[in-house]
Amino acid sequence: MFYRPADGHGLPHNPFNAIVAPRPIGWISTRGSLGDNLAPYSFFNAVAYTPPQVVFASTAAKPDRGDTKDSLAQIRESGVFCVNLVSSELIGPMNTSSAPLPAGTDEFAVSGLEKAECETIDCPRVAQAPASLECRLVQVIPLLGKSNFLIHGEVTGVHIRPDCLTAGRYLPPDRLSRLGYKDYAAVRDTFELDRPPGG
C-alpha cells in the first residue's frame, strides 16, 4: 500500500500514529490563573543532553482556550511546565486526565492523584510518577496545520521516585507507551547493547 497523506489513506483509521510507535507519554502538568492542569501527550520526547531538553506537541484546540488546549494556554501564561512519566500502575488516572474538561478543572482532583510541588518552578507534579522533569519554556514553535504547536523546554529539575532507582540506575517497574489507535504497551522486556568502538 502507498498513499499520500494529503489525499487521504482510505483506511478505517489513520495508520500514522501506529506506524511511529511506541511513543513515550509526557504527562504534562501546568499552573495558571485558572488553577492546575494535567494532561497526557504522546507526541513527546527528550531531544538533548546538555542542557537536558524535551519537546512535546499539542495538536488540537478547545473552544474555551482559543487556538490550543489547556496545557499550552497555561504554559504561555507561566513559562513553565512539568513532564511526569507514566508507568502502567498509573494508566487509569492518566486516561481519566485526557478528558476534554472545561478550562479551570483540576485533573489531579478528578483523577484522584496526589499533587506535589516542584522545586525550581511554580508548578504541580504527580507525586506518584516514576520520574518528573521540571521545565522552563524555551520556545513555542508553530507547526504546519491548524492548532499544531511544538513546545520546547529546558529541564531545570529532576525527581525520581526512590523505588525506581536500583544500583544507581533509573529502573521503573515499566514504561507506558502509546502505540496508536486505542493501543498502549508497558515496556518491560529490555536488553543491553554495546555501541561499536568509537561510537
Is there any pair with a first residue in region 1-30 that is farther than 16 Å from residue 45 by Cα and a second that is at pLDDT below 95 and open to solvent by less than 40 Å² (accessible area, probe 1.4 Å) whose Cβ atoms are under 8 Å apart and which are 6 or more apart or on different chains, and what are they? 15/180; 16/180; 18/180; 19/180
Select from region 66-89 the residues that are more than 12 Å from the chain's Cα centre (by Cα), among the β-branched types (Val, Ile, Thr) and outside any loop (DSSP other than H, G, I, E, B) and list them in ascending order. 75, 80
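How about region 106-127: which of its residues are polar (S, T, N, Q) and surrounded by 16 or more Cβ atoms within 10 Å (Cβ to Cβ)? Step through it out loud before you land on a result.
Filtering region 106-127 for residues polar (S, T, N, Q) gives 111, 120.
Passing the criteria: only 111.
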Kindly list, by first and then second residue, each pair from a residue in region 90-107 that is touching a residue at least 40 places away in the same chain (Cβ under 8 Å) to a residue that is open to solvent by 60 Å² or more (accessible area, probe 1.4 Å) and basic (Lys, Arg), limited to pairs with Cβ atoms under 9 Å and residues at least 6 apart or on different chains. 106/115
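Each row is one residue, and each column tells you yes or no for (1) more than 20 Å from residue 65 (Cβ to Cβ); (2) of a type in the set (Lys, Arg); (3) in a strand (DSSP E or B); (4) in contact with a Leu (Cβ under 8 Å, 6 or more places away or on another chain).
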{"position": "129", "(1), (2), (3), (4)": "yes, no, no, yes"}
{"position": "134", "(1), (2), (3), (4)": "yes, no, yes, no"}
{"position": "137", "(1), (2), (3), (4)": "no, no, yes, no"}
{"position": "141", "(1), (2), (3), (4)": "no, no, yes, yes"}
{"position": "150", "(1), (2), (3), (4)": "no, no, yes, yes"}
{"position": "155", "(1), (2), (3), (4)": "yes, no, yes, yes"}
{"position": "158", "(1), (2), (3), (4)": "yes, no, yes, yes"}
Looking across region 159-189 at residues that are open to solvent by 90 Å² or more (accessible area, probe 1.4 Å) and touching a strand residue (DSSP E or B) at 6+ places or on another chain (Cβ under 9 Å), the single one that is farthest from residue 129 (Cα to Cα) is 188
Over region 150-170, the set of residues farther than 20 Å from residue 29 by Cβ and basic (Lys, Arg) is 169
Can you spot a residue in region 75-82 that is among the charged types (D, E, K, R), exposed (fewer than 13 other Cβ atoms within 10 Å of the Cβ) and in contact with a strand residue (DSSP E or B) (Cβ under 9 Å, 6 or more places away or on another chain)? no
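Here are 141, 151: which of them is out of contact with any Asp or Glu (no Cβ under 6 Å at 6 or more places or on another chain), closer than 18 Å to residue 79 by Cβ, among the β-branched types (Val, Ile, Thr) and open to solvent by less than 50 Å² (accessible area, probe 1.4 Å)?
When all the criteria are applied, what remains is 151.
The values are calculated or read from the model by the stated rules, or taken from the named source; none is laboratory data. Please read these numbers as outputs of a predicted model, since none were measured by experiment. Glycine also receives a Cβ, built like all others from the backbone with ideal geometry; neighbour counts cover every protein chain displayed. Side chains included, ligands, DNA and RNA excluded: accessible areas come from the protein's heavy atoms. Shrake-Rupley method; radii C 1.70, N 1.55, O 1.52, S 1.80 Å.
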